[in-house]
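Right, one structure below, let's go through it.
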Amino acid sequence: MGRIDQYWAMLKQKGTFRSAASVLRRLGLIRHGFRAYEHIVAAKEVWGQKRDPAQEVADGLPLPPPDMRVMVAGTQHVGWFLSFGATMLETIRDTVASRGAAVETFDEILDFGCGCGRVLRHWPKLIDAHGSSLKVSGTDYNPRLYDWCRRNLPFAGLSLNKAAPPLGYADDRFDLIYSISVFTHLAADLQVAWMRELHRICKPGGYVLVTTHGDSFRAGLNDVEGAAYDRGELVLRFEEASGMNLCNAFHPDAYVREVLSRGFSVEVFVGVGERDGIYQDIWLLRKNA
Ligand SMILES: C[S@@+](CC[C@H](N)C(=O)[O-])C[C@H]1O[C@@H](n2cnc3c(N)ncnc32)[C@H](O)[C@@H]1O
């Protein structure tokens, strides 16, 4: 094992990660520390790697740089970045279709927390295949991710938002808003505030699709977290890093049904394991008409 691999193995040990995190936390540097960690993950994964064949079969759109792929996916792996985005879009389409609606017939769709376009980049294939006039938009609070999408995904309308609402969109605008792996990384007060905001910009009778960490993550919680989860409470780790992957939220079924989905009806729940390649629970909500 080379020296870099040794340092890497040390850093990845749970105990080392926790101690480093608690020091950074005390210094108020946890967000900077985690961004640095993501850069290291990207550099380490790319270092010495042969060109990923998935890069050759890209969809004609540029690939975001490795550190951005790590920010949204936890790994820079190109094949995973592309295949997860495509699978997720198929899942969104099928989940909506299971309620008798077709995304291709919608007017406007929003990707809330679009990151560097992992899902967004796949819409043109679907739109072209159906000759649809659907308009897709994306918004994110991270200026680098927003800027990359704005420069590289010309078919989409892009916006940069603040960490807290509002968004600059009119009331009742979108037929569908989806938010993949975003509520899984938001502080408690922001989760409620953002659901209220997505409700405002969704058409009456329109859909909001969000993903959560539910029962399949229960076994990984410690005793205190597990007890709170079983009482139906939202469980949060590193809430001060809200918006980053370091912050993790775990959503019991009751919390989603009673708190998060206020003003919506729960139309479909797809649990982890029900669809290949999807590692978070999916909730399709419908804004009451
Ligand atoms: C795990 S990434 C997922 C990105 C994208 N949805 C995907 O599936 O590739 C979480 C995303 O949520 C974004 N995010 C976090 N807080 C946000 C907020 N308050 N408003 C908009 N986007 C936010 C992050 O910048 C990041 O792009």
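The values are calculated or read from the model by the stated rules, or taken from the named source; none is laboratory data. As the structure is a computational prediction, the values presented were derived from the model and not from experiment. FYI the Cβ positions are ideal-geometry reconstructions off the backbone, even for glycines, and counts take in every protein chain you see. For accessibility, only protein heavy atoms count, side chains too; no ligands or nucleic acids. Shrake-Rupley method; radii C 1.70, N 1.55, O 1.52, S 1.80 Å.
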- Note on the structure: Counted residues in the range 157-170 being outside any strand (DSSP E or B), under 22 Å from residue 73 (Cα atoms) and more than 16 Å from the chain's Cα centre (by Cα) come to 1
- Kindly list the number of the only condition in (1) under 14 Å from the mean Cα position of the chain (by Cα); (2) assigned to a strand (DSSP E or B) that fails for residue 114. (2)
- Item | Residue among 125, 162 that is more than 12 Å from the ligand (Cβ to nearest atom), surrounded by fewer than 21 Cβ atoms within 10 Å (Cβ to Cβ), touching a residue at least 12 places away in the same chain (Cβ under 8 Å) and on the phi < 0 side of the Ramachandran plot | 125
- Task: Can you give me the ranges of the strands (runs of 3 or more DSSP E) entirely in the range 171-289 with at least 2 residues that are away from the ligand (no atom under 16 Å from the Cβ)?
- Result: 202-212, 264-270, 281-287
- Task: Could you identify the single residue in 267, 240, 197 that is within 21 Å of the chain's Cα centre (by Cα) and either without any contact (Cβ under 8 Å) to a residue 24 or more places away in the chain or over 30 Å from residue 102 (Cβ atoms) (or both)?
- Result: 240
- Find the residue count for the range 182-217, including only residues that are among the small types (Gly, Ala, Ser) and within 11 Å of residue 260 (Cα to Cα). 2
- Item | residue 182 being open to solvent by less than 10 Å² (accessible area, probe 1.4 Å), touching a strand residue (DSSP E or B) at 6+ places or on another chain (Cβ under 8 Å) and not charged (D, E, K, R) | no
- Message: Against the definition (over 23 Å from residue 278 (Cα atoms) and crowded, with 21+ Cβ neighbours inside 10 Å), how does residue 149 come out, yes or no?
- Response: yes
